[in-house]
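A short write-up of the structure that comes next.
The values are calculated or read from the model by the stated rules, or taken from the named source; none is laboratory data. Just so it is clear, the model here is predicted, and its values are computed rather than measured. A quick note on method: Cβ atoms are made from the backbone with ideal geometry, for glycine too, and the neighbour counts reach across all protein chains shown.
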Amino acid sequence: MPEKNTSEEYIILRRELIESLDSLQLPADMHEALLSRINRRIVLDSGQLNPESIRLEKIEAKGMDFLGKIRIVEYAIASGSLLRIELDKKNGNRTILGRPLSTEKLPGDVGIKIITEPDHLIETVLLGKAVLVRRIQGSIFSELA
């Protein structure tokens, strides 16, 4: 009996792994994370499809999630990531892209000192006025460069 081609074997294995993954009925974000591992050939056995091995990282907070916004800003400062901050119509209806430098507690709010992109101006943005705060994920090699 002739041996199967390695790529044919992988196609069969990948199909089996995806079927096993689908049978777990996981939330969409966990499903996508494990599917990505299958596609990158990190998962090679159905025993490796462990939802507990996934560390989901929150990259955005919106609306009234003030604590979530603070956590995203703090992580962006620590990792050197960019932030995208959207302000509502009352506050200029604009989007700010930049690298956060620090936070400052203010009466009833938190100010974020941010270097805007692409003009490199330092601006203070009130976090309570933001409708969306999103950390822009970059390559692990570009962050903290």
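Couple of notes before you dig in:
- For the range 44-57, a residue qualifies if it is part of a loop (DSSP other than H, G, I, E, B) and more than 24 Å from E9 (Cβ to Cβ), and the qualifying residues are I54, R55, L56, E57.
Residue-by-condition table, conditions (1) in the same structural domain as S20 (by TED's automatic domain parsing); (2) modelled with pLDDT under 90:
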site: A33; (1), (2): yes, yes
site: S36; (1), (2): yes, yes
site: K89; (1), (2): no, yes
site: E104; (1), (2): no, no
site: L121; (1), (2): no, no
site: K129; (1), (2): no, yes
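- Residue, farthest from G111 (Cα to Cα), within the range 32-58, restricted to residues that are under 18 Å from the mean Cα position of the chain (by Cα) and hydrophobic (A, V, I, L, M, F, W, C): L35
- Verdict on S81 being polar (S, T, N, Q) and either surrounded by 15 or more Cβ atoms within 10 Å (Cβ to Cβ) or modelled with pLDDT of 90 or more (or both): yes
- Unmet requirement for R41, which otherwise passes all of (1) in the same structural domain as L127 (by TED's automatic domain parsing); (2) assigned to a loop (DSSP other than H, G, I, E, B): (1)
- Checking each residue in the range 4-34 for being part of a helix (DSSP H, G or I), hydrophobic (A, V, I, L, M, F, W, C) and either within 15 Å of S53 (Cα to Cα) or touching a Pro at 6+ places or on another chain (Cβ under 8 Å) (or both) picks out L21, M30, A33, L34.
- Failed item, numbered, when Q137 is tested on (1) under 13 Å from I59 (Cα atoms); (2) at pLDDT 90 or above; (3) out of contact with any Asp or Glu (no Cβ under 7 Å at 6 or more places or on another chain): (2)
- Evaluating A61 against the criteria (1) modelled with pLDDT under 90; (2) under 13 Å from the mean Cα position of the chain (by Cα); (3) not in a strand (DSSP E or B); (4) not aromatic (F, W, Y) leaves one unmet condition, (3).
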